[in-house]
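Just below is one structure, and these are the notes that go with it.
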Number of protein chains: 2
Amino acid sequence: MLNLKQDHSTLVVLSVLADGPSYGYAISKAIASRSEGHFQLTPSGMYPLLTKLEKQGLVTTSWEEVKAEGADPDANGRKRKWYTLSAKGHKQLARHIEAHRQMQALIDVFVSPAEHGGATPT
Amino acid sequence: MLNLKQDHSTLVVLSVLADGPSYGYAISKAIASRSEGHFQLTPSGMYPLLTKLEKQGLVTTSWEEVKAEGADPDANGRKRKWYTLSAKGHKQLARHIEAHRQMQALIDVFVSPAEHGGATPT
DNA sequence: TACGAATATATCGGTTTCCGATATATCTGA
DNA sequence: TCAGATATATCGGAAACCGATATATTCGTA
């Protein structure tokens with residue numbers, strides 16, 4: 001169960017939200033599920049990140065009251081904070097993915113067994 | 001010019017040392033060169049990392065006195081600290097590469113446009 | 001021979017990130 | 001009734017980050 005660092009957390013959360021609006025708890029479940037239990041984003045990683053994304057204008061938010069079945073209409077139900085990817089968020093996700101791919105390619109130069117430092121034979 | 005985080009720094013430095021012993025300054029130049037100027041590992045990133053690798057037993061070290069041509073044999077020349085990848089370091093590099101590939105594959109699940117959540121059609 | 005740039009190693013310290021523990025409250029199922 | 005799941009959020013010590021700084025040698029060149 002790997003904890004994600006901010007860069008990867010951002011990429012993964014934006015990516016989940018690209019499929020449609022969601023809320024913190026559901027996002028964390030989606031991440032665990034899609035990664036088949038390999039990734040984990042705990043509350044202390046999730047909520048500060050979502051707040052940051054909101055401040056950056058990458059997501060918009062709204063509260064939803066989740067009432068229990070047959071509950072007193074005056075009672076306070078559980079609250080859900082929904083996050084929706086904004087247009088800016090979509091663009092940022094595309095940029096993040098591009099940056100991620102470039103980083104991957106660059107790291108591969110060091111990690112893959114291909115020769116380096118010499119000219120490629122023709 | 002991207003600064004590397006510790007995970008990537010470790011991978012890249014061990015990878016450079018896998019080609020043979022080197023020293024801090026040369027390693028930083030090799031990283032800049034092989035990444036075609038995209039990666040940078042500054043002294044404040046490089047030396048604490050090398051010290052850590054040494055403490056972990058992943059590298060062994062030795063000092064070399066670099067005397068100027070025709071210099072006074074008694075004079076203090078510039079010093080170079082050589083780093084050599086140990087057997088343990090080689091194993092650790094292999095583990096790091098494996099972990100990196102797994103992380104890549106996992107992130108791709110979120111980043112690649114393939115469908116998810118449903119069964120793959122046969 | 002004077003001087004700037006390159007070579008070479010290393011630490012300092014303020015800012016940011018990380019993440020386990022904690023807090024609070026509702027809802028579901030046995 | 002009560003444990004476990006749902007749901008959001010902060011706290012605070014530890015670790016990481018990285019620009020600035022320190023120190024000294026060597027090379028190129030004007």
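The numbered conditions (1) more than 9 Å from the chain's Cα centre (by Cα); (2) at pLDDT 95 or above are all true for residue A:27 except (1). Examine region A:81-92 for a residue that is on the phi < 0 side of the Ramachandran plot, assigned to a helix (DSSP H, G or I) and either open to solvent by less than 20 Å² (accessible area, probe 1.4 Å) or within 15 Å of DNA strand D (Cβ to nearest atom) (or both), and state whether such a residue exists. Yes, some residue in region A:81-92 is on the phi < 0 side of the Ramachandran plot, assigned to a helix (DSSP H, G or I) and either open to solvent by less than 20 Å² (accessible area, probe 1.4 Å) or within 15 Å of DNA strand D (Cβ to nearest atom) (or both). Residue pairs whose Cβ atoms lie under 8 Å apart, separated by 6 or more positions or on different chains, with the first residue in region A:104-122 and modelled with pLDDT of 60 or more and the second open to solvent by 40 Å² or more (accessible area, probe 1.4 Å) and not in a helix (DSSP H, G or I), are A:106/B:38; A:109/A:116. Does residue A:15 satisfy being of a type outside the set (A, V, I, L, M, F, W, C) and without any contact (Cβ under 8 Å) to a residue 12 or more places away in the chain? No, not satisfied. Here residue A:62 meets the list (1) surrounded by 12 or more Cβ atoms within 10 Å (Cβ to Cβ); (2) more than 16 Å from DNA strand C (Cβ to nearest atom); (3) more than 14 Å from every other protein chain (Cβ to nearest Cβ) almost entirely, failing just condition (1).
What about residue A:77, is it more than 28 Å from residue B:95 (Cβ to Cβ), modelled with pLDDT under 95 and surrounded by 10 or more Cβ atoms within 10 Å (Cβ to Cβ)? When the stated conditions are applied, residue A:77 passes them. Restrict the check to region A:43-50 and report whether at least one residue is more than 12 Å from DNA strand C (Cβ to nearest atom) and of a type in the set (Phe, Trp, Tyr). No. Search region B:35-59 for residues being part of a loop (DSSP other than H, G, I, E, B) and within 12 Å of another protein chain (Cβ to nearest Cβ), and hand back the single one that is nearest to the chain's Cα centre (by Cα). Restricting to residues being part of a loop (DSSP other than H, G, I, E, B) and within 12 Å of another protein chain (Cβ to nearest Cβ), the top hit is B:41.
When residue A:28 is tested against (1) more than 11 Å from chain B (Cβ to nearest Cβ); (2) of a type in the set (Ser, Thr, Tyr); (3) more than 30 Å from residue B:2 (Cβ to Cβ), only condition (3) is not met. Scanning region B:1-34 for residues that are part of a loop (DSSP other than H, G, I, E, B) and surrounded by fewer than 20 Cβ atoms within 10 Å (Cβ to Cβ) yields B:1, B:5, B:18, B:19, B:20, B:21.
The values are calculated or read from the model by the stated rules, or taken from the named source; none is laboratory data. Worth saying up front: this structure is predicted, and the values here are computed from it rather than measured. Because the Cβ atoms are built from the backbone with ideal geometry, glycine has one as well, and the counts that use them run over all protein chains shown. To get the accessible areas, we keep the full protein, side chains included, count just its heavy atoms, and leave off ligands, DNA and RNA. Shrake-Rupley method; radii C 1.70, N 1.55, O 1.52, S 1.80 Å.
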